[in-house]
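Structure first, commentary second.
The values are calculated or read from the model by the stated rules, or taken from the named source; none is laboratory data. A quick note: this is a predicted structure, and the numbers were derived from the prediction, not measured. Glycine gets a Cβ as well: all are built from the backbone with ideal geometry, and neighbour counts include every protein chain shown.
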């Protein structure tokens, strides 16, 4: 890009020097992150231009480590890393194979030995038990559930073999889940199970088909049995207590035979059973359990591996929070090291050496480690650091133009010390020009603007902001002189720029901050904000007001304060009566929301209501107002003052049906009569979809509520909204009522609206009545209902009830 710039533009890229090598210097610093050689007004950039001071950097790195730990912990609670943990466990199991005890023998049947359609298989099983018993087996576990009887003779033969064997015999009951979701133990029928001890198995597969833990006992609420694995291992534990299953035992070291090998009285096979525990496995139909390195294995192997785990004492477990805490402490320690080389070595040591070695040692010791959370912590920390380095590398110098960015200005100590005026130039139609010009001319376009700015601002250093913003400082802070200077600068842009062979018109306006604060970042933000409000026709130059820092902090925290104010009762309702003009009788009230802050007193409603809309809290505030207003309406009814209560509904809420559900829910919970609730739709000109609004307001009307148009006459869409939306009441805006005595046009408009209301047969209410003269004019014009400070200020509902109870003929004067 630089080759396309004129020599003059190229020299003016950096203030305070005419040497073109400074451009190359800045580019090199950007790419290589070498801030000490950057140039600012003829001197090196401060250390903070590309990085924070040493202590600040260490704090940033430590903060990133802690933030990464917090994110990893939250993701761990959501079990996001479970697949990674399982990959680690599978790897550990495969990498640390050890021999099993050899005390547990598996005998597998090719057929389903429990199928009641084949009674002979039960007799064959009885014969097999006899062979195993005579071979001197210590215990025999039948890992099959005989849930239905077969021929009585075969069932009896199996029961007798189990009861009369010298070895301990056990039938395995299996936990299953019914169609209703309830867990139950499937047990063998009494003809087979009578007099035979039972154990239970509950093997819960995860989504990868693995079973990683078992319990010491199995219970369905009615029956509690020792688990098969705990019984085989000869250990007991607390009911419901879990232990991890280690699959690090070599599958080949677990003796296994087929049913036929034992049934044929094989001498070698029978000799291997002496003193052993024999598990006779059930038929595997449609697949089975997965173990590391094998899939669709007989389910009996899960119990065998679990029993071997208990016998070997390999039940220790490192929980996620523990591994996360250890790695976080190590990482925080590494971030505090002085010297980048030392830190990099520490990071590499943690990732490449410490964690793999820890996992390998844990695998050899039979300790299962939840390590995925720690790995996620390191990955998230790495992303934070990469982003920080990227920002540090690219935030100081614009890659296309070589101009310094606002980050350099915000870190400039001279600006903080001397507190000059900060000027922001806003380039209008910037994106339109960029779309029109070839990409290779974009940088030249910006540099041409910079050159022209410098022509009238000698010695100023131009900083490039977001896209269409350029910033510099001026020693002059007198508003009048600043305006004069900037008007002259605007005049320079009355002639077009030449960008290559293209003539480009430039529209430019300015925002200025002259506040005395040394907080440069805040002042830049203030100047940018005020510049965004300028326009070329009416206000090309705007100077930010010098609001105190306390006021600014209050404004940006207002949204959060609203939530606390609702919870603390600082936000409350006042009720302004609607008066029948001829008699002074109260015919309704309008609920108005108020906020009494303990520190700042009464907050104007317009301030926090607009904030609620911006922050998406309008629905929450509206529900609160509806609830309180309906409860006040109930209080009016109990006091014998049965009057409608009006609640303001923002036009922004009538685009979704949620407001219908909200009103219906509040009416249901409070028991308030819908016909006594009036919904005043404010700022109807903000309704963007009248068809959708008509549907929503129609549903509200069908609930029994009255629909009123508030502030009628303000906004171009008022008449169209009145035509298309189901209003049965409208309120004339105070802008017309307040001028009836001094402006004949205002009086004529009010009379016209009243005549229109009579023709349309809808109620018309005048709001903003401040004096007796206006009230007289309204009475003469035929207005029926009015409200305003001249009649009554907003008061709490108890005051209105009390005044009504006194039965005064002139009930309003004491409320003003």
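Residues in segment 625-635: is at least one assigned to a helix (DSSP H, G or I), modelled with pLDDT under 85 and under 21 Å from residue 729 (Cβ atoms)?
For segment 625-635, residues assigned to a helix (DSSP H, G or I), modelled with pLDDT under 85 and under 21 Å from residue 729 (Cβ atoms): absent.
Here is a check on your reading of the model: is residue 127 assigned to a loop (DSSP other than H, G, I, E, B), in the same structural domain as residue 185 (by TED's automatic domain parsing) and at negative phi?
The answer is no for residue 127.
Name every residue in segment 605-637 that is in contact with a strand residue (DSSP E or B) (Cβ under 9 Å, 6 or more places away or on another chain) and over 19 Å from residue 563 (Cβ atoms), in order of residue number.
629, 630, 632, 633, 636
Report whether or not residue 415 is surrounded by fewer than 22 Cβ atoms within 10 Å (Cβ to Cβ), at pLDDT 85 or above, within 30 Å of residue 447 (Cα to Cα) and over 27 Å from the mean Cα position of the chain (by Cα).
Judged against the criteria, residue 415 is a match.
For a quick check of your reading of the model, give me the residue pairs whose first member lies in segment 84-102 and is within 16 Å of residue 301 (Cα to Cα) and outside the structural domain of residue 356 (by TED's automatic domain parsing), whose second is at pLDDT 85 or above and part of a helix (DSSP H, G or I), with beta-carbon atoms closer than 7 Å and at least 6 apart or on different chains.
99/253; 100/253; 100/308; 101/308; 101/311; 102/253
For residue 146, all conditions in the list (1) surrounded by fewer than 23 Cβ atoms within 10 Å (Cβ to Cβ); (2) in a loop (DSSP other than H, G, I, E, B); (3) in contact with a helix residue (DSSP H, G or I) (Cβ under 9 Å, 6 or more places away or on another chain) hold save one; what is the number of the exception?
(1)
Of all the residues that make up segment 514-544, how many are under 19 Å from residue 468 (Cα atoms) and more than 35 Å from the chain's Cα centre (by Cα)?
Adding up the residues that qualify gives 8.
Among the residues of segment 715-742, count how many are farther than 22 Å from residue 660 by Cα, in contact with a helix residue (DSSP H, G or I) (Cβ under 9 Å, 6 or more places away or on another chain) and surrounded by fewer than 16 Cβ atoms within 10 Å (Cβ to Cβ).
Count: 4.
Which residues, counting only those in segment 305-317, are surrounded by fewer than 18 Cβ atoms within 10 Å (Cβ to Cβ) and in contact with a strand residue (DSSP E or B) (Cβ under 6 Å, 6 or more places away or on another chain)?
317
For segment 726-733, does any single residue satisfy the condition of being within 19 Å of residue 691 (Cα to Cα) and within 40 Å of the chain's Cα centre (by Cα)?
Yes: one or more hits.
Filter segment 636-672 for residues that are in a loop (DSSP other than H, G, I, E, B), on the phi < 0 side of the Ramachandran plot and more than 27 Å from the chain's Cα centre (by Cα) and give the result.
Result: 639, 641, 642, 643, 644, 672.
Specify the residue that is nearest to the chain's Cα centre (by Cα); the eligible residues are those in segment 796-816 that are at pLDDT 90 or above and either crowded, with 19+ Cβ neighbours inside 10 Å or outside the structural domain of residue 628 (by TED's automatic domain parsing) (or both).
Residue satisfying both the conditions and the ranking: 797.
Can you name the condition, by its number, that residue 793 falls short on among (1) part of a helix (DSSP H, G or I); (2) surrounded by fewer than 18 Cβ atoms within 10 Å (Cβ to Cβ)?
All conditions pass for residue 793, except number (1).
Answer yes or no: is there a residue in segment 591-599 that is more than 21 Å from residue 684 (Cβ to Cβ), free of Cβ contacts under 8 Å to residues at least 60 places away in the same chain, touching a strand residue (DSSP E or B) at 6+ places or on another chain (Cβ under 7 Å) and assigned to a loop (DSSP other than H, G, I, E, B).
no
Let me confirm something: among 275, 234, 240, 195, which residue is assigned by TED's automatic domain parsing to the domain that holds residue 96, out of contact with any strand residue (DSSP E or B) (no Cβ under 8 Å at 6 or more places or on another chain), surrounded by fewer than 17 Cβ atoms within 10 Å (Cβ to Cβ) and under 22 Å from residue 314 (Cα atoms)?
Selected residue: 234, the only one of 275, 234, 240, 195 that is assigned by TED's automatic domain parsing to the domain that holds residue 96, out of contact with any strand residue (DSSP E or B) (no Cβ under 8 Å at 6 or more places or on another chain), surrounded by fewer than 17 Cβ atoms within 10 Å (Cβ to Cβ) and under 22 Å from residue 314 (Cα atoms).
Out of 655, 676, report the one residue that is modelled with pLDDT under 90 and either touching a helix residue (DSSP H, G or I) at 6+ places or on another chain (Cβ under 7 Å) or not assigned by TED's automatic domain parsing to the domain that holds residue 712 (or both). Reasoning before the result, please.
Details: 676 fails: modelled with pLDDT under 90.
Step by step, each of 655, 676 is checked, and only 655 is modelled with pLDDT under 90 and either touching a helix residue (DSSP H, G or I) at 6+ places or on another chain (Cβ under 7 Å) or not assigned by TED's automatic domain parsing to the domain that holds residue 712 (or both).
What number goes with the only condition from (1) over 15 Å from residue 510 (Cβ atoms); (2) surrounded by fewer than 22 Cβ atoms within 10 Å (Cβ to Cβ); (3) more than 31 Å from the chain's Cα centre (by Cα) that residue 408 does not pass?
Exception for residue 408: condition (2).
Please name all residue pairs, on different chains or six or more residues apart, with Cβ atoms under 8 Å, provided the first residue is in segment 456-483 and is within 12 Å of residue 420 (Cβ to Cβ) and the second residue is surrounded by fewer than 12 Cβ atoms within 10 Å (Cβ to Cβ).
Going by the 8 Å Cβ cut-off, the qualifying pairs are 475/418.
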